[in-house]
Amino acid sequence: MSNYLNDIDAIASLKAAQGSSWEAINPEYAARMKAQNRFKTGLDIARYTAKIMREDMAAYDADTAKYTQSLGCWHGFIGQQKMISIKKHFNSTDRRYLYLSGWMVAALRSEFGPLPDQSMHEKTSVAGLIEELYTFLRQADARELGGLFRDMDSARKAGETSKEADLQSQIENHQTHIVPIIADIDAGFGNAEATYLLAKKMIEAGACCIQLENQVSDEKQCGHQDGKVTVPHEDFLAKIRAVRYAFLELGVDDGVIVARTDSLGAGLTKQLAVTQQPGDLGDQYNSFLDVEEITQENMSNGDVIINRNGKLVRPKRLPSNLFQFRQGTGVDRVVLDCITSLQNGADLLWIETEKPHVGQIAEMVNKIRETCPNAKLVYNNSPSFNWTLNFRQQVFDAWSEEGKDVSAFDRAQLMSAEYDETELAQIADEKIRTFQADAAREAGIFHHLITLPTYHTAALSTDNLAKEYFGDQGMLGYVANVQRKEIRQGIACVKHQNMAGSDMGDDHKEYFSGDAALKAAGDDNTMNQFG
C-alpha cells in the first residue's frame, strides 16, 4: 500500500479514536495535505538531497556521460520555474540541480542595493535565499499534486475508475521538484567560526552542498576580476573543517563540500604561511612568493625577511601591504590547493579559470589525479566569458597550427556577425554545444553550472518587451512576444493565479468550510480563458 493510502488509513484510525469532535475531518483531505508537504524542515531537504548528490557522484565515476548540471538562481520563483520546465520537457529532474550564486545575491538581494561580488552583502541573505528557493519548490509539489487530486475527484465523480486508478498511480509515484542546491558561501564571511555559523544556517535552510573559496574574506573579489588575494592553506583547511563540523552537528553526515581555488588568477597573498620545517605545507605556499635576496646594502626599514634554502630573502611587498607570487606559478598553486583540499575533507573541486578551454582544465586535473585519482570538478560555465569569441579563437588557433589558411579572418574581430555563417563559426558553435560533455569526459567535470543565467535572461527579455511595448507595437508587443508564446508553449505561469496558490487555497477552503466555502475559481475567474 502506498504512503498516500497508508496515511488515509492512519488518519482515519486517529479520527475514530477522537470521537465526534473530529467528525468533520476528512482523512483523505488530511492525507493530501500531508503529501503536499512531504519535506517538513530544511534538514529533511538537506539529508534527502545529499543522498542524491552522493549517488550522482558515484554514477559519474562509473560513466562520465552522467555529469550533472544547474542554473543559478536569485529568487524562489526563478528556481521553481526552472524545475517545472525541466519536469515538463524531460519528465525527470535527475542530475539537474540549482545553483545559488553569491554574485547574484550581492547584485540583486542586498538591502544596500546592487553590490559587486565582494562579500559586502548581508550574509544572512544567503541562507534566506536557500529557504526561499525550497519554499517555492515545495509549493510546486503542492500545486502539481493539487491538480492531480482535483482530477482524481472529477474522475471518481464521473465513475471513470480506470482514469482514477491512473491518477492515483501518478500521485503515489510523484517526483518532487526538490533537488540539490550548490550554495555559495564565498570565502566564509570571516574567520572559521563565522564560516561555521553561516554554514549551519545554510544547512538548516536545506543546503546539502556548500562551495567555499580560498580568497581572503575581507579582500574577496569576483573570480573573474583582478585583485584576488588567497589565504595560506591551513586557513582554508580550517574553514573546510568548520563546514564539515556544521554538517555533522546537524546530522547531514553525507553533506558535500566544494573547495574552490582562485589561485590561477590570484597573484597576491595577505600573509605568509607558518612553516615549521622545509617542505611542509606552509613552506610550499611561501615557495611561490616573488622574493629577492637580502643584503646589507638593500635592506629597508620594516623589511619582512624569510629563510629560503639557507638564504635570507625578502618577499616583494606592495604599497597595499600585500605580497605577490611569482609570475607563472598559478597552475602549480592550483594543483597544490586542490590536492590539499581533497586530502582534508573536501569532496569536489572548483577551479576558476579565465576561459572555457577543455585542454587547460584537463591539464590541471590530470596533475591533481596523479595524487587524488578520484578528483572531480564543479565548473563555472560563466557568462563572464565571451563564449563566441573564445571558441572561435580556439578554432582559429588550431587551424593556424595545422597550417590551414586563416587569412580571411581577423582573430581579434572573430565575434563579428560577418563570420556567423563561416565554417569556422559553425565548428566553434559545435564545440560550445559539446563543451560540457567533452569536459566531463576529458577534464573530470562532474557538475556544470551557469552562475548568472537569469540575470541576463531577465535583462534581455525586459529590453525586448520595453522596446516593443513602449514603441509602436503597444500591447501587441506583450501579447505576441509573451502571452501568446506562454499559451502555445504550455508555460504554467500563464495561469498566474494558479501559480500563486489560488486553486490550492480553494481546496483548503473546501476542506475547512465544506459547502460554505467562498471559492475564487468560479465562472467569473478570467483564468478560465486559458483552458
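Listed by chain and number, the aspartates and glutamates placed with their C-alpha closer than 19 angstrom to that of Lys15 are Asp7, Glu23, Glu28, Glu510; residues fewer than eight positions away on the same chain are left out.
For a straight C-alpha distance cut-off of 26 angstrom, the lysines reachable from Lys220 (same-chain residues fewer than eight places away being disregarded) are Lys123, Lys200, Lys201, Lys228, Lys239, Lys270, Lys316, Lys355, Lys376.
Among 107-114, 292-299, sorting by the average number of other beta carbon atoms lying within 10 angstrom of each residue, highest first, gives 107-114, 292-299. Summed over qualifying helices (DSSP H, 4 residues or more, each -39500 (n - 2.57)) and divided by its residue number, the chain shows a 222 nm mean residue ellipticity of -15000 deg cm²/dmol.
For the peptides 348-355, 255-262, the ranking by packing is 255-262, 348-355, with the highest mean count of neighbouring Cβ atoms within 10 Å listed first. Which of (1) 35, 28, 24; (2) 50, 30, 21; (3) 47, 35, 20 is the computed semi-axes √(5λ) of the Cα gyration tensor in Å for the structure on display? Of the listed options (1) 35, 28, 24; (2) 50, 30, 21; (3) 47, 35, 20, (2) comes from this structure.
Restricting to Cα pairs below 8 Å that are 6+ residues apart, what does the relative contact order work out to for the range 361-449? Please round to a whole percent.
Dividing the mean separation by the residue count of the range 361-449 yields 51 percent.
By the rule of a C-alpha distance below 15 Å, with chain neighbours fewer than 8 residues away ignored, the aspartates and glutamates paired with Lys404 are Glu423.
Packing, taken as the mean count of other beta carbons within 10 Å per residue, orders the peptides 464-470, 91-97 from highest to lowest as 91-97, 464-470.
Where does helix 423-433 land angle-wise versus the long Cα axis of the chain, in degrees 0 to 90, nearest 10? The answer is roughly 70 degrees.
Mean sequence separation of contacting Cα pairs (under 8 Å, at least six apart), scaled by the length of the chain, corresponds to a relative contact order of 14 percent. Contact order for the range 99-144, expressed relative to its length and based on alpha carbon pairs under 8 Å spaced 6+ residues apart, stands at 28 percent. Between Ala412 and Ile487, full extension at 0.36 nm per residue minus the direct alpha carbon distance yields a gain of 22.7 nm. What separates the Cα centres of the range 202-262 and the range 22-96 is a distance of 24 Å.
Every number in this text was worked out from the coordinates using simple rules, so none of it is lab data. These numbers come from a predicted model, not from an experiment. Cβ atoms come from the backbone with ideal geometry, glycine included; neighbour counts cover every protein chain shown.
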